[in-house]
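Chemist: One structure follows; several queries about it will come next.
Laboratory data are not the source of any read-out in this text; all were calculated from the coordinates shown. Because the structure is predicted, anything quoted here is derived from the model rather than measured. Neighbour counts run over all protein chains shown; Cβ positions are idealised from the backbone, glycine included.
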Amino acid sequence: MSRVYLLINDPLVAGRMRGVIDSAAGLKTVGWATTLEQARAQLPALAADVVLADLQLADGWVADFVDELANSGRYGWPKTLLATLSLDDSQLLNALARGADGYFVQGLSPNMLIATVEQVLAGGAEMAPVIARQVKAHFDASAWTVKEPLDDDNPLHPDRIERQVLQWICDGFLPHEIARDLRISTREVAQRVRTLYRKLHLDRRTASLSLQLL
C-alpha cells in the first residue's frame, strides 16, 4: 500500500483528492496539511511515499520545501507531485528543477490523478510541450555556457534518446507516438521524462555549488 500525503491549501480540494486516492487500489492518504510548517512537523513520522503539494502555501512556495524533501533525508525519500492550475506558472518549472518528480493539472478527471500518482511511484513522469521547451532551453544554455555540445558522457546532460524524447515533446508528439518511433515502451518514455527532470535538478544543484565556491 503506497502512502500519499496531501499538502493542499483548499480543504474542499484536499477532501476530494483524499476521497479519490483512498478509493483507489493500492493507495491511501496518511495526512493533510495546509502549511509548510505543519508538513515539516508531521512528515517525519508518516513514511509517506508521495507528497502531493500545491505550488504555493500560506507560508511560502513549495519549491523551497521540495529541496528539503529531495535532499535532506529527514522525511524519508518521498516522491513529490505538484498540483498546479496552469502549466505556464513559472514556479512549476522552478519546483521541478529543485527536485520534484512530476505534476498534476487540477481539474482533470479523478482517473488522471490516480494515473499520475501511480506513474510517479513507478519512476515515470509527464511533460507537456510548454514545460519541455523550457527544459530544452535550460540544457541548450548549459551546453553553451561550458562551450561544449550536450553529450552522452556527461551525467548532467540528456543522452541521445532523452534529447530525442525532449525534442519530440516540444514538437507536440504524444508519448505513444514517441514510443512507436523510438521502438520503446510508453513506460520507458515516461521514465526518460523523469530522468530529464532529475538531470535538470542535478545540473541546477551543480551550478549552484559552483557559484558558492567562487
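Chemist: For the Cα atoms of the chain, what angle does the longest principal axis make with the long axis of helix 129-145, in degrees from 0 to 90, nearest 10?
Modeler: It works out to around 50 degrees.
Chemist: I've got another one for you. Go through V66, N9, V20 and say which Cα lies farthest out towards the positive end of the charge dipole of the chain; charges sit on Cβ, +1 for Lys and Arg, -1 for Asp and Glu.
Modeler: Value computed over the given set: V20.
Chemist: Among M112, M17, M127, which one moves the most in a GNM of the chain with springs linking Cα atoms closer than 10 Å?
Modeler: Ranking M112, M17, M127 by mean-square fluctuation puts M112 first.
Chemist: Pairs of alpha-carbon atoms within less than 8 angstrom and 6+ residues apart define the contacts here; what relative contact order does segment 2-121 have, in percent? All intermediate terms of the calculation are to be shown ahead of the outcome.
Modeler: Values: 209 pairs, mean separation 28.7, N = 120.
About 24 percent, as a whole number.
Chemist: Moving on to the next point. If we sort 173-181, 29-37 on the protection proxy, mean other Cβ atoms within 10 Å, highest first, what's the order?
Modeler: Sorting 173-181, 29-37 by mean packing, highest first, produces 29-37, 173-181.
Chemist: Something else now. By how many degrees, 0 to 90 and rounded to 10, does the Cα axis of helix 160-170 deviate from the longest principal axis of the chain?
Modeler: So the helix axis and the longest Cα principal axis differ by about 70 degrees.
Chemist: Let me ask another. Hey, what angle do you get for helix 110-121 against the long axis of the chain, alpha-carbon based, 0 to 90 degrees rounded to 10?
Modeler: It works out to around 60 degrees.
Chemist: Please give the Cα centre distance for segment 91-127 versus segment 1-66, rounded to the nearest Å.
Modeler: If you average the Cα positions of each part, the centres end up 13 Å apart.
Chemist: Which FRET efficiency value, to the nearest 0.05, do you get for L174 and D64 by plugging their Cβ-Cβ distance into 1/(1 + (r/R0)^6) with R0 = 30 Å?
Modeler: The computed FRET efficiency comes out at 0.35.
Chemist: Given points 7 Å out from each Cα along the Cα-Cβ axis, report the K28 to N111 separation in nanometres with one decimal.
Modeler: 2.6
Chemist: How high is the relative contact order of the chain, in percent, counting Cα pairs under 8 Å that sit 6 or more residues apart?
Modeler: After rounding, I find 16 percent.
Chemist: Okay, next question. How are the C-alpha pair distances of segment 38-162 spread across 10 Å bins, as whole percents from the shortest bin up?
Modeler: 12, 38, 35, 14, 2
Chemist: Under a straight-distance cross-link criterion of Cα-Cα below 16 Å, which aspartates and glutamates are reachable from K136, leaving out those fewer than 8 residues away in the same chain?
Modeler: D88, E126, E148, D151, D152, D159, E162, D171, D203
Chemist: How large is the convex hull of the C-alpha atoms of the chain per residue, in Å³? Present the calculation step by step, with values, prior to reporting the outcome.
Modeler: On the way: hull volume 27.3 nm³, N = 214.
Given the Cα convex hull of the chain, per-residue volume reads 128 Å³.
Chemist: Go ahead and estimate [θ] at 222 nm for the chain from helices alone: -39,500 (n - 2.57) per DSSP H run with n ≥ 4, summed, over the residue count, rounded to 500.
Modeler: Calculated from helices alone, the mean residue ellipticity at 222 nm is -16500 deg cm²/dmol.
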